[in-house]
Each structure stands twice: as structure tokens, then as C-alpha cells.
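**Student:** Handing you a structure now.
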Number of protein chains: 2
Amino acid sequence: MSSSENRKPALKGQAFADIDTPALVIDLDAFERNLARMADAIKELPVRLRAHAKTHKSPVIALQQMALGAVGACCQKVSEAEILVDGGVPNVLVSNQVIGKQKLARLAALAKRAEWVGLCVDSEMGIAQAEHAADQEGVVLNALVEIDVGAGRCGVPPGEPVLDLAQQIEDNPHLSFAGLQAYHGSAQHIRDHVERRSAIDATIAMTRDTVELLKIHGLECEIVGGAGTGTFEMEAASGVYTELQAGSYIFMDADYARNKNEAGGPFTTFEHALFILTTAMSRPGENRAVVDAGHKAASIDSGMPTLFERPGLTYEKPSDEHGVLLITGSNKPPELGEKVLLIPGHCDPTVNLHDWYVCVRGLRTDDAIVEDVWPVAARGALF
Amino acid sequence: MSSSENRKPALKGQAFADIDTPALVIDLDAFERNLARMADAIKELPVRLRAHAKTHKSPVIALQQMALGAVGACCQKVSEAEILVDGGVPNVLVSNQVIGKQKLARLAALAKRAEWVGLCVDSEMGIAQAEHAADQEGVVLNALVEIDVGAGRCGVPPGEPVLDLAQQIEDNPHLSFAGLQAYHGSAQHIRDHVERRSAIDATIAMTRDTVELLKIHGLECEIVGGAGTGTFEMEAASGVYTELQAGSYIFMDADYARNKNEAGGPFTTFEHALFILTTAMSRPGENRAVVDAGHKAASIDSGMPTLFERPGLTYEKPSDEHGVLLITGSNKPPELGEKVLLIPGHCDPTVNLHDWYVCVRGLRTDDAIVEDVWPVAARGALF
């Protein structure tokens, strides 16, 4: 809505203490360390980052990722791609099926004002519809075949079905075969490192075999894309993948923090950098506080938000605009009116509930200040 | 965002078949029947409807409810109240605690441009902050004491603690004691009718005793407010409640449909009138289709969406922008590109994910048409 401009929870230059709640807060120091850690982790490897913009929905952030080496961005919807391109991101892959004439007409039109635009296909209909739209606009769309590498979501099985679709793409004058979309989503959250590696080893093997089959038939994969924050080091080291689509690493949600690393310890490669700032608006008992962030401020699809640096407090029983903090062992129960920081259970759908990022410098210091306020530009971009 | 105007899933006058997906669709015929049924159900009773606008977040809908007799609207946040008042709703209660100087300053300013504005308090601090804000603006704010009638969320216990706060309100020159907020949220979803009635009988008894205690001390309750879609007939018949805050009755989500009526049968007082229209974008196997509506289009906090008039299909395993339809016994599995209607598990947070209502006339006919497109005006109004 146009009025969201009037509903910013904070203004640039304000003190941290003056942010209205609930607010989506970025700890800029931790966020920038996360960006740098990912760039460093892959700089010696033959892979590029194509960070997933479905996490942040912000061209401002995508451009920061590109400044550190990312080749471009990926996203799930055409409307997200439009907002990224129009926000200055020249190279965008829709890492998803695009079915429907309106969506494809918009994607083909977008290809005229971007350097590179791609989409995924896993059906003859997807290819035929994309060809028609590209023909109408007089453009060539880059098409990746989505391959089901174990996630059981979209995609065709590895091997011959991929070859069949790749050859069909090449037979269409307004489509260009650009490679494979080979993302194993459900493997990202396998807690045990050995089990996670085992799942991704199988994924890599299927992908390698398919790349080789295509090569035998004269089809080169410019892009072999996939990987998320939970497994990116495995795909990066595979020699098969050329692009990594990790997104959550910039913010690190509570759910990814439950993964274990190779040594069996916590997954600490990245820091929590995104929070929901919320106020205690009721203290109806010694062991309870009620805060002003509920389902409409924090998604619970991957578990409840957790408390940041407040041991002895748990967030429970959210309703639309309320969350209950259960006080079990805290030395500092929140006072009425006090603000606390929640770590989202799942960052991506939580970000999508907010219009603004409140970007704080020095969050863990007494001089914390709002350095900037960025729009969640593709919030609600569903089609 | 200002660009949401450019991201409407449909335009007025379009055929149903041309709506882009995922889209939030109102079946106007069913919706209007629901509005009328509620108005009819209470027209002979000494209660008024103050329908909850946290469900629809739309002044357009609130005004339709008022045209059928509702006294005004209630909502959970000051920013929702602002959008309702500025959209033409003159009488708005924030049925929630309001803590924080920015929020209260805005609420006091709002009182100048509305006929009636109220808020809830359950603490001395809440009263002191509201008094300060009203004093600064030179207005009188109406304050209800929130009483915990069994839900275990906000509110003070019945009896003396309520009297104490009510007297404090009356001692403040810029506050006016307006009555009680006595809503039992968790009782709304008790499936068994006898158990639900038992919970609400206790709620009514506590509320009645408190109203009488206040009366003895010279304090009249202009408003005794509460009730939701699951229990409104009980509060309506109590003789104690004066205002009903039911909201979901206009849309009827899948979760409320799991309640049982007095005869043990399904709760069919209201019809499903809100849907997520979604497209099958992948058919990766005989028993699966993948649709383009996931966590960012439909909330799952009260269970998965269900399929409308498509027996043999279930919606499962959503990710951010995907949902899997499992095909168990349908005679008509969805084809690639086919659209199906989902009934939201929980309407309120689902509505909050969308910018637009696509209002369809004749949804269940071959001539279904987009009669109007209404903004979800208070979408994202969190503070």
C-alpha cells in the first residue's frame, strides 16, 4: 500500500531505543561479516554465488552480494525478478517453474531490460509456454531443466528425462538451454552432518551423471545450480556445480542454527543477523510476559522464534498479534514496556511479513543507532 | 510498497479464468450471506456487533458490516485503527494493550478525527502512558479494562483487580472508563460443543460477577466486549455482554469448520467465502502436483489449507512458494496449469500475506467474474 511509507518503525539516525515495535531489525555488523564469510569460503573454488533473493527480497542486499562476487541473484517468482532488475540487478534466474501466460509475458518483457534472465522448466508445457512468450516479445529466454535430486518437489528424474527436455529447449528458436537446476531443499535441514553429506553425495552423483549424459549429446551446462546454506560447502567442492543458491546465510535463522557441523558441534559459520524487536505489553503473572509480535510478525513454519541473549525465556503460544514469553529461569525477566530481540524460526517468510528493514549499527553496544532503513521491496511479490 | 498497485492479480471485469495466481479470492455471494446471517442471528438480542477487523484489515468490509448494524470495528494495533478511521469507520476499539509513547501519541491524535476511539489496559503503566498521551493531545481516550476470562493471555484476574484499575482510569482526567474487554480466545476452537459451552459459561460468570462488583462501586460498563466466531451465540445470549467481536465469520476458515455444533454435527452457520486460487505448476508424478502457493501465500499456524470441492486431494509439505497436492482418490487430478481453490487454515494471517482481495461474483457458476478488487488496506500494519 502507498501508506506503508508512513508506517516505518524507525527513521535513519534514530537511537536503537526509539525503534517502534514490532520491527524487523538487521544487525549490520553481523550481516556484513556473514556476507564476507560466504565470499571468502568460495573464492578459491570454481563456483560462483547466485544468492537466493527469496530470503531478503531486496535489490539493495543483492547488489551488496554482487559487490563481493555474486554473479547475480535468483528468486522464485517473476514479480520478484522484476523488482530485482528494476532495482539494478542485471542478472536474475527464476529458480522455479513459470506456468501461465501472464507471468511468462512479463518475464519475456523483463528480458529486454536485463542483461540475463532465466527460468526453470520440468515439462513440455513449460517449454511451449515459454517459447510462445519469448517469441511474442522477440527475445531469447534462458531455460534450465529442473531435476529432482532427492527433494521430491518439482523436477524430472535425472538422466534421460533431462536430456529429452534439454533437446526440446534447443529445438525452440526463442529458448536457450542454460543448464540444470539441481537443488535438494529438504537436505538443508538434516541435523546430522554425516546424514546431510550422504544425501548431498547422492545429489551430486545424480547431477554429475546427468551433466555427462548431456555432454555426450552435445549439450553443455553453462549453469549447474543448487545448494543452500546447510550444504553449500559440499556442492561448492563437488566440481560439478557452478552456481550456489544459498540465501539464508546472510541472516541465519533459528532453524539453521539447529544443524550440526562436521565435528558434531553447532553450525556457527554464520551469525544471527536478523531479529524481530518486540515490546512486553503485558505482565499477567510472575512467569509470563506478553509481547506485541505474533503470527503477523514472525513465521512459525520452522519452529518458534527463540530469544536473543535472554536465557531463561522462551517464546510460546503466539496468536495473531501476541506472543507469550514464558519465564523459567531468567535473572532478568522483561519489565512491562521493555524490548527484547527474537531470532526468527525461519527468516524468509518472516521477512515477507514486514515492509522495512531497520538497519542497526553497533546493535550489541550502548551506542546502537539506526544507520539506514531499507524497503523489503519484493514483500508480497507472489506472482 | 507503492509498486503493489502494479501487482494486482486481476482487474475489475475480468473473467475468473484470467485471475493470476496465487490470489486471495472472496466469493462475494457466500461472503454476503455470511454478513447477513450474523446480523440476523443477533438482531433480536441486546448486543451489538463490533466485528473484528484484524480478520479483514479493510475499511470497505467494516463499512459493509456497519451497514448491517455493527456499531463500529475493533482491531489489535493502532496502525490498523488509523487505516480504519481514515477509511471512513468512525468508531474503533483497539482490543489490545497499547504500550509505548509513539503508539499512544498516534492513538490520541486519532481520537481527534474519529467519533469514538478506545483501547484496553491491564496495568498501571498502561493507564499512566495513555493519560499522558491524551493529555498532550487534549483529548479523552476511552479505556476498557482487559480481564483474563480463561485464555491465559493478557488481562488482570476478575473482581478486585479490575475494580482497582477501573477506579484508576476514572481518576485520570483524560481517560474515561468504558467497560470490560472479556475475550476468551482459546475457547473459540474447542471442538466439542459441550466443552466449549462449559468454558464460556465460566467466562460469562466471571464477567457477570465483575460487572456487578463495579456497579456496586458506581462504575457502569458501557461496553462488555468479547466473543468470537466459535462462541458468539453464547455471549450474545448471556445478558452480560453488550458487544460481540467475532471476525472470522465473514470468511470461515478451515480450522473453524472443524468445530462441532450443538447436535454434534459440523459447524455450518457460515460458509467458506475466502480462498487462495493457485495453479498447478508441476506434475512430477502420478500422485503429486505442485502448486504455486506456499508459506508466503497461506498461513499454516492452524493447520494446512484444505481443497475446495476437490475430494481426493490434500495440500501438504509447503515451502516458501510451493505446496504439494497429494492425489489419493480424485477422479479429476489437476492438470498442469489448472487452477484450484484452497480454503485457508487460518484466514487472519493468510489475509495479511496479500495486498488485494479479488472479489468474484458467481464463483460457483460458469460465468464467474471479478466484480471488484479491494485493497487489504491494513496489510502489514503491525504497530
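**Student:** Return the residue satisfying two criteria in turn: it lies in region A:102-132 and is more than 25 Å from A:T207 (Cβ to Cβ) and within 9 Å of chain B (Cβ to nearest Cβ), and of such residues it is surrounded by the fewest Cβ atoms within 10 Å (Cβ to Cβ).
**Tutor:** Per the stated criteria, the residue is A:Q102.
**Student:** Still on this structure, I have one more. Regarding region A:176-199, can at least one residue be identified that is at positive phi and in a loop (DSSP other than H, G, I, E, B)?
**Tutor:** Step one: filter region A:176-199 for residues at positive phi, giving A:179.
Subsequent filtering for residues that are in a loop (DSSP other than H, G, I, E, B) retains none.
Scanning region A:176-199 turns up no residue that is at positive phi and in a loop (DSSP other than H, G, I, E, B).
**Student:** Let me ask something additional. Select from region B:316-325 the residues that are free of Cβ contacts under 8 Å to residues at least 40 places away in the same chain and either of a type in the set (D, E, K, R) or more than 8 Å from chain A (Cβ to nearest Cβ) (or both) and write down the one among them that is surrounded by the fewest Cβ atoms within 10 Å (Cβ to Cβ).
**Tutor:** B:E316
**Student:** Kindly provide the set of residues from region A:289-306 that are more than 8 Å from chain B (Cβ to nearest Cβ), outside any loop (DSSP other than H, G, I, E, B) and crowded, with 19+ Cβ neighbours inside 10 Å, ordered by number.
**Tutor:** Matches in region A:289-306: A:A289, A:V291, A:T306.
**Student:** Might you let me know whether region A:357-371 holds any residue that is more than 30 Å from B:M281 (Cβ to Cβ), of a type in the set (F, W, Y) and in contact (Cβ under 8 Å) with a residue 24 or more places away in the chain? Can you show your working first?
**Tutor:** Taking region A:357-371 first, the residues more than 30 Å from B:M281 (Cβ to Cβ) are A:358-371.
If we keep only those that are of a type in the set (F, W, Y) too, we end up with none.
No.
**Student:** Okay, next question. Under 6 Å between Cβ atoms, which residue pairs at least 6 apart in sequence (or on different chains) link something in region A:71-95 that is more than 18 Å from A:T242 (Cβ to Cβ) and assigned by TED's automatic domain parsing to the domain that holds A:Q245 with a partner that is assigned to a loop (DSSP other than H, G, I, E, B) and aromatic (F, W, Y)?
**Tutor:** A:S79/A:F383
Okay, residues lined up against (1) more than 12 Å from every other protein chain (Cβ to nearest Cβ); (2) on the phi > 0 side of the Ramachandran plot; (3) free of Cβ contacts under 8 Å to residues at least 40 places away in the same chain:
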residue	(1), (2), (3)
B:P311	yes, no, yes
B:T314	yes, no, yes
B:I327	yes, no, no
B:N331	yes, no, yes
B:K339	no, no, no
B:G345	no, no, no
B:L353	no, no, no
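**Student:** Right, next: Would you point out the residue of region A:133-161, among those that are more than 13 Å from chain B (Cβ to nearest Cβ) and assigned to a helix (DSSP H, G or I), that is surrounded by the fewest Cβ atoms within 10 Å (Cβ to Cβ)?
**Tutor:** This residue is A:E160.
**Student:** Okay, moving on. Look through A:I61, A:I26, A:I19, A:I42 and report the one residue that is within 10 Å of another protein chain (Cβ to nearest Cβ) and of a type in the set (A, V, I, L, M).
**Tutor:** Working: A:I61 fails: within 10 Å of another protein chain (Cβ to nearest Cβ); A:I26 fails: within 10 Å of another protein chain (Cβ to nearest Cβ); A:I42 fails: within 10 Å of another protein chain (Cβ to nearest Cβ).
After applying the criteria, what remains is A:I19.
**Student:** For region A:191-205, check the following and say yes or no: at least one residue is over 24 Å from B:S319 (Cα atoms), surrounded by 23 or more Cβ atoms within 10 Å (Cβ to Cβ) and touching a residue at least 40 places away in the same chain (Cβ under 8 Å).
**Tutor:** no
**Student:** Since A:G100 meets every condition but one in (1) at negative phi; (2) in contact with a strand residue (DSSP E or B) (Cβ under 7 Å, 6 or more places away or on another chain), which condition does it not meet?
**Tutor:** Condition not satisfied by A:G100: (1).
**Student:** Ok, one more. Counting only residues that are of a type in the set (S, T, N, Q) and in contact (Cβ under 8 Å) with a residue 40 or more places away in the chain, which one in region A:247-288 is nearest to the other protein chains (Cβ to nearest Cβ)? Lay out the reasoning, then the answer.
**Tutor:** Narrowing region A:247-288 to residues of a type in the set (S, T, N, Q): A:248, A:259, A:261, A:268-269, A:278-279, A:282, A:287.
From what's left, in contact (Cβ under 8 Å) with a residue 40 or more places away in the chain: A:248, A:259, A:261, A:269, A:278-279, A:282, A:287.
Details: A:S248: 11, A:N259: 17, A:N261: 24, A:T269: 22, A:T278: 10, A:T279: 6, A:S282: 4, A:N287: 11 Å.
Per the stated criteria, the residue is A:S282.
**Student:** Could you please let me know if A:A67 is without any contact (Cβ under 8 Å) to a residue 24 or more places away in the chain and more than 19 Å from B:H295 (Cβ to Cβ)?
**Tutor:** So A:A67 fits the description; yes.
**Student:** So, A:T229, is that one in the same structural domain as A:R50 (by TED's automatic domain parsing), assigned to a helix (DSSP H, G or I), crowded, with 23+ Cβ neighbours inside 10 Å and within 27 Å of the chain's Cα centre (by Cα) or not? Write out each step before concluding.
**Tutor:** Values: in the same structural domain as A:R50 (by TED's automatic domain parsing): yes; assigned to a helix (DSSP H, G or I): no; crowded, with 23+ Cβ neighbours inside 10 Å: yes; within 27 Å of the chain's Cα centre (by Cα): yes.
Taking the combined requirement at face value, the residue does not satisfy it.
**Student:** If we only count strands (runs of 3 or more DSSP E) wholly inside region A:1-111, which ones have 3 or more residues that are of a type in the set (A, V, I, L, M)?
**Tutor:** Values: elements: A:23-27, A:48-52, A:72-75, A:91-97.
Output list reads A:23-27, A:91-97.
**Student:** Of all residues in region B:355-383, count the ones that are closer than 20 Å to B:V89 by Cβ and more than 14 Å from chain A (Cβ to nearest Cβ).
**Tutor:** 2
The values are calculated or read from the model by the stated rules, or taken from the named source; none is laboratory data. Computed from a predicted structure; not experimentally measured. No Cβ is skipped: glycine too gets one built from the backbone with ideal geometry, and neighbour counts run over all protein chains shown.
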